[in-house]
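Below is one structure, written out as structure tokens; the observations come after it.
The values are calculated or read from the model by the stated rules, or taken from the named source; none is laboratory data. This structure is a prediction, so every number in the text was calculated from the model and none was measured. Positions of Cβ are backbone-derived with ideal geometry, glycine not excepted, and every protein chain shown enters the neighbour counts. We work out accessible area using only protein heavy atoms, side chains counted, and drop any ligands, DNA or RNA first. Shrake-Rupley method; radii C 1.70, N 1.55, O 1.52, S 1.80 Å.
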Amino acid sequence: MRTGVESWGEILRSSGRGYEDPWLERWQTLLETSRKIPILELGCGGGQDTRFLTELGFAVIAADFSNEALELTRRRAPEAALKNVDLTRGLPFPDAAFRVILASLSLHYFPWSKTLQIVQDVRRCLQPGGYLLARFNSTRDPHYSAAEKQEIEENFYLVGGMPKRLFDRTSVDALFREGWEVIGADERVTLRYGGEKVVWEVAARRADG
Ligand SMILES: C[S@@+](CC[C@H](N)C(=O)[O-])C[C@H]1O[C@@H](n2cnc3c(N)ncnc32)[C@H](O)[C@@H]1O
């Protein structure tokens with residue numbers, strides 16, 4: 001299984017060419033709640049979303065475990081702060097440090113127990129009432145549903161040696177059942193990685209009590 005950082009460079013260098021995928025436009029009202037606090041982006045990849053945010057004047061901390069991703073992001077969005085973070089090792093940020101955390105296509109590489117743990121860690125880093133905006137591969141994604149893959153656990157596969165989790169409504173609901181209020185969760189099509197990709201787009205609010 002190729003779980004290391006080294007696999008990501010080639011994928012990320014080819015993403016976003018000629019298509020900017022401005023999926024965050026519909027969430028601008030929510031993003032505005034973080035005008036005074038940096039937005040944390042987890043798994044920033046090539047930095048497309050980082051640039052979208054910095055061009056709107058938001059302060060952003062862009063995190064990834066791939067130095068190549070961080071370098072691409074530095075070139076695309078030089079105003080962003082960069083941090084090398086491995087999501088599987090716990091987020092190196094204090095409790096309630098952020099109003100908005102973004103994770104586009106970066107939380108779907110892990111076994112279910114680890115995925116739950118990461119999302120709870122994201123919740124810890126959000127202020128009460130703060131927001132997570134996230135996108136996940138869908139079980140209806142035409143690329144992955146057709147791809148040759150080896151199942152590791154339910155909806156979690158090795159595809160070309162890379163781990164990939166695919167989400168359906170049940171797993172999105174399960175992931176955000178404890179401690180979250182889901183504001184929006186629907187399937188959408190993105191072209192960021194070339195062909196049509198079906199993703200779950202989720203906005204969830206940290207709920208307390
Ligand atoms: C498909 S890319 C998504 C990039 C970007 N957010 C986007 O929407 O285009 C997935 C990103 O998650 C990062 N990633 C994967 N596993 C990670 C981990 N354990 N810790 C931190 N980043 C990780 C990869 O390095 C890659 O940049």
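General remarks:
- Considering the conditions (1) closer than 16 Å to residue 135 by Cα; (2) surrounded by 23 or more Cβ atoms within 10 Å (Cβ to Cβ), residue 109 is excluded by exactly one of them, (2).
- Long-range neighbours under 7 Å by Cβ, at least six apart or interchain, first residue touching a residue at least 60 places away in the same chain (Cβ under 8 Å) within region 56-71, second open to solvent by 20 Å² or more (accessible area, probe 1.4 Å) and among the aromatic types (Phe, Trp, Tyr): 66/8; 68/8; 69/8
- Residue within region 160-168 that is touching a helix residue (DSSP H, G or I) at 6+ places or on another chain (Cβ under 7 Å) and among the basic types (Lys, Arg) present: yes
- With respect to (1) in contact with a helix residue (DSSP H, G or I) (Cβ under 8 Å, 6 or more places away or on another chain); (2) modelled with pLDDT under 95, the lone exception for residue 144 is condition (1).
- Across region 139-154, the number of residues qualifying as loosely packed, with under 14 Cβ neighbours inside 10 Å and either among the hydroxyl-bearing types (Ser, Thr, Tyr) or under 14 Å from residue 193 (Cβ atoms) (or both) comes to 3.
- Looking across region 39-97, just one residue is within 9 Å of the ligand (Cβ to nearest atom), on the phi > 0 side of the Ramachandran plot and touching a strand residue (DSSP E or B) at 6+ places or on another chain (Cβ under 6 Å), and that is 43.
- Residues located in region 54-76, provided they are touching a helix residue (DSSP H, G or I) at 6+ places or on another chain (Cβ under 9 Å), of a type in the set (A, V, I, L, M, F, W, C) and surrounded by fewer than 24 Cβ atoms within 10 Å (Cβ to Cβ): 56, 58, 59, 65
- Residue in region 105-127 that is within 9 Å of the ligand (Cβ to nearest atom) and either on the phi > 0 side of the Ramachandran plot or touching a Gly at 6+ places or on another chain (Cβ under 7 Å) (or both) present: yes
- Matching residues, region 155-195, being away from the ligand (no atom under 15 Å from the Cβ), part of a loop (DSSP other than H, G, I, E, B) and open to solvent by 20 Å² or more (accessible area, probe 1.4 Å): 155, 168, 177, 178, 179
- Residue match in region 137-153 (condition: in a strand (DSSP E or B) and within 18 Å of the chain's Cα centre (by Cα)): yes
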